[in-house]
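Notes for the one structure printed next.
The values are calculated or read from the model by the stated rules, or taken from the named source; none is laboratory data. All values reported here derive from a predicted model rather than from experimental measurement. All Cβ positions, even for glycine, are placed from backbone atoms using ideal geometry, and neighbour counts span all protein chains on display. Heads up: the accessible areas ignore ligands, DNA and RNA and are worked out on the full protein's heavy atoms, side chains in. Shrake-Rupley method; radii C 1.70, N 1.55, O 1.52, S 1.80 Å.
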Amino acid sequence: MRIILLLFLFTQKCFAFDLPRSACKTDLTIDKDHYNVTKTYDTGDAEPTDAHYDGKGNLFFVVFGRNFNGYYYDVKLIKPNSTAAQNVPGLPERESYSVAVDKKESRVYFGTSKGIYAYNYETQVATLITKPDINLNSLLVDKDGNKYITGRREGFEQLYLLAGNEKIHFKGFDALDEVAVDDKNNFYYIREEKFFVLRNNLSHAVFIGNVSYEGLGQITFHEENVFVASKSLSYIHENDTGPMKRVKGTPGNVTAIAFDRSGNFVLGTKGKILKYETNDNECFQKQN
């Protein structure tokens with residue numbers, strides 16, 4: 001009887017294994033981190049792009065759409081704990097193309113066809129801070145607060161440093177599709193469906209990998225990873241040179257991505273923005 005009992009206990013110990021709980025679900029996984037969709041924001045027929053969180057947890061983003069008047073770009077705002085997106089008062093309608101967050105000064109800027117605007121947190125209204133004749137398609141701010149814009153010249157998208165109201169052309173950044181600058185002042189950009197980085201200590205760009213691009217997309221950063229939302233979602237560690245890692249389970253054609261301070265993030269796809277939060281639940285339990 002004793003031998004049978006010992007054999008029974010030994011068998012139970014050796015064949016215990018992990019099984020997923022029936023209620024455990026993961027919508028998306030990045031490395032070893034699991035995320036679930038917790039909120040969905042409707043954007044109608046428009047496609048979200050150029051999304052950014054500020055230090056207060058507000059989400060600013062651009063929507064690109066088409067109506068009876070033609071194509072349009074508008075900036076939207078989702079406040080913390082809000083259930084819907086709203087317009088940003090003060091911005092030109094249908095001609096607001098880009099959002100940039102100055103983390104050093106805790107300010108939010110908007111690039112439009114009628115100049116650069118800044119968000120006033122007291123009045124919650126955007127006001128013009130440059131001459132209205134600055135023509136731009138996108139706006140960036142580096143870690144030192146310097147502003148950069150892209151504009152089309154001779155059929156190609158080019159990058160400029162703003163010095164007051166003057167534009168200084170950055171050579172080597174021509175024919176851009178998307179461009180972004182990280183917290184170390186490294187510039188990442190897409191050109192002809194190829195992804196490059198120009199590091200702040202190098203004089204030439206380094207090829208990272210191929211990405212799909214269909215006219216809308218975004219490059220953003222979180223911790224030590226660089227993310228590209230352009231049709232699919234892919235990422236790479238900032239010190240790697242390729243290949244890009246693709247995230248599975250993304251909702252269709254992804255055109256925007258932004259991380260908040262907690263490491264949660266949003267993805268933009270046509271008609272909606274999805275918020276993903278970390279799944280910290282214990283998804284495995286011991287079963288005999």
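The table for this structure:
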| quantity | calculated |
| --- | --- |
| Selected residue (criterion: most open to solvent (accessible area, probe 1.4 Å)) from residues of segment 236-262 that are closer than 26 Å to Asn200 by Cα and touching a residue at least 60 places away in the same chain (Cβ under 8 Å) | Arg261 |
| Counted residues, segment 209-235 - those being farther than 15 Å from Lys184 by Cβ and part of a strand (DSSP E or B) | 12 |
| Selection count, segment 131-148, where residues are more than 15 Å from Ser98 (Cα to Cα) and polar (S, T, N, Q) | 1 |
| Inter-residue pairs, beta-carbon under 6 Å, first touching a residue at least 12 places away in the same chain (Cβ under 8 Å) and in segment 92-104, second surrounded by fewer than 22 Cβ atoms within 10 Å (Cβ to Cβ) and of a type in the set (Gly, Ala, Ser), 6+ apart | Glu95/Ser113; Asp102/Gly145; Lys104/Gly145 |
| Among the residues listed as Val197, Val206, the single one being within 18 Å of the chain's Cα centre (by Cα), under 18 Å from His237 (Cβ atoms) and not aromatic (Phe, Trp, Tyr) | Val197 |
| Top-ranked residue in segment 120-158 [being part of a strand (DSSP E or B) and in contact with an Asp or Glu (Cβ under 8 Å, 6 or more places away or on another chain); ranked as most open to solvent (accessible area, probe 1.4 Å)] | Phe156 |
| Leading residue by the ranking (nearest to Ala51 (Cα to Cα)) among those in segment 173-197 that are in a loop (DSSP other than H, G, I, E, B) and open to solvent by less than 50 Å² (accessible area, probe 1.4 Å) | Asp182 |
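So that you can scan it fast, the table gives a plain yes or no per residue for (1) open to solvent by 30 Å² or more (accessible area, probe 1.4 Å); (2) assigned to a loop (DSSP other than H, G, I, E, B); (3) of a type in the set (Lys, Arg); (4) under 14 Å from Ser138 (Cα atoms):
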| site | (1), (2), (3), (4) |
| --- | --- |
| Thr40 | yes, no, no, no |
| Gly44 | yes, yes, no, no |
| His52 | yes, no, no, yes |
| Gly55 | yes, yes, no, no |
| Val63 | no, no, no, yes |
| Arg66 | yes, no, yes, no |
| Lys76 | yes, no, yes, no |
